[in-house]
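One structure is given here, and the rest of the page talks about it.
The values are calculated or read from the model by the stated rules, or taken from the named source; none is laboratory data. All figures in this text were calculated on a predicted structure; none of them were measured in a lab. Please note: Cβ atoms are built from the backbone with ideal geometry, for glycine as well, and neighbour counts cover all protein chains shown.
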Amino acid sequence: MRDSMERAAEDGFNVIVDFVCPTDEYRNLFGTEVFKIWVNTIKESEYEDTNKVFQSGRVGTSHVNYIVEEQRDDIDARHIMWQLCGADFNPKNPTTQMLGRFQPWHEGHEALFERALSKTGQVLIMVRDMDTDENNPFTASEVIENLKLELAEYAGFIKLAVVPNIVHITYGRDVGYVIEQEHFDEEIEDISATEIRKTL
């Protein structure tokens with residue numbers, strides 16, 4: 001299976017290898033460049049010979065990069081996307097910035113994000129760090145986690161960051177960037193985060 005994987009990779013394919021791999025020795029045969037996912041949802045095999053040699057996977061070693069502990073739709077797949085693609089963001093490339101509370105992320109934010117992405121190909125989303133209250137029910141860290149789930153398919157094109165509670169932006173002359181207000185159709189403009197929070 002390893003040899004087949006390597007041949008396919010040499011031909012330019014992205015390869016997923018899926019099989020029962022009960023020991024560290026066998027996992028190590030795939031090297032450290034392979035992203036290894038341990039699906040830990042079955043506690044005991046129906047095959048006694050497998051149970052006898054079984055060694056549990058461990059995150060943070062050469063054996064396993066991510067552990068799936070339970071079946072829960074595609075949440076794990078989205079987290080895996082961030083781990084696989086998140087490092088592709090290049091901070092030296094032209095980038096569009098979005099600053100906000102995102103309490104919660106909604107269709108208006110999504111429309112703004114898509115337009116921001118179209119301008120430079122990558123976006124820095126900055127989440128304001130604020131005290132929680134009626135208008136800000138989520139901590140900045142919780143907002144970041146929500147954005148990771150909402151925007152997983154763009155993982156290589158986004159950087160997420162918690163920033164201070166910025167309420168004023170100032171700049172000098174000829175600074176090399178623009179600050180621009182975007183306008184959308186009435187349906188998008190009328191989206192209210194306040195109304196959405198009432199339904200949470």
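From the residues in the range 181-200 that are in a loop (DSSP other than H, G, I, E, B) and loosely packed, with under 10 Cβ neighbours inside 10 Å, which one is modelled with the lowest pLDDT?
That would be 200.
Hey, among 105, 82, which residue is of a type in the set (Phe, Trp, Tyr) and farther than 30 Å from residue 25 by Cβ?
After ruling out the rest, the residue left standing is 105.
Among the residues of the range 111-129, which ones are among the acidic types (Asp, Glu) and touching a residue at least 24 places away in the same chain (Cβ under 8 Å)?
129 - this is the single residue of the range 111-129 that is among the acidic types (Asp, Glu) and touching a residue at least 24 places away in the same chain (Cβ under 8 Å).
Give me the pairs, please: first residue somewhere in the range 166-188 and touching a residue at least 40 places away in the same chain (Cβ under 8 Å), second residue anywhere and surrounded by 10 or more Cβ atoms within 10 Å (Cβ to Cβ) and of a type in the set (Lys, Arg), beta-carbon distance under 9 Å, and either six or more positions apart or on two chains.
166/128; 182/115; 184/115
For the range 24-32, indicate whether the set of residues that are closer than 29 Å to residue 158 by Cα, of a type outside the set (A, V, I, L, M, F, W, C) and surrounded by fewer than 13 Cβ atoms within 10 Å (Cβ to Cβ) is non-empty.
yes
Return the residues of the range 88-110 that are assigned to a helix (DSSP H, G or I) and touching a residue at least 60 places away in the same chain (Cβ under 8 Å); say none if nothing qualifies.
88, 107, 108
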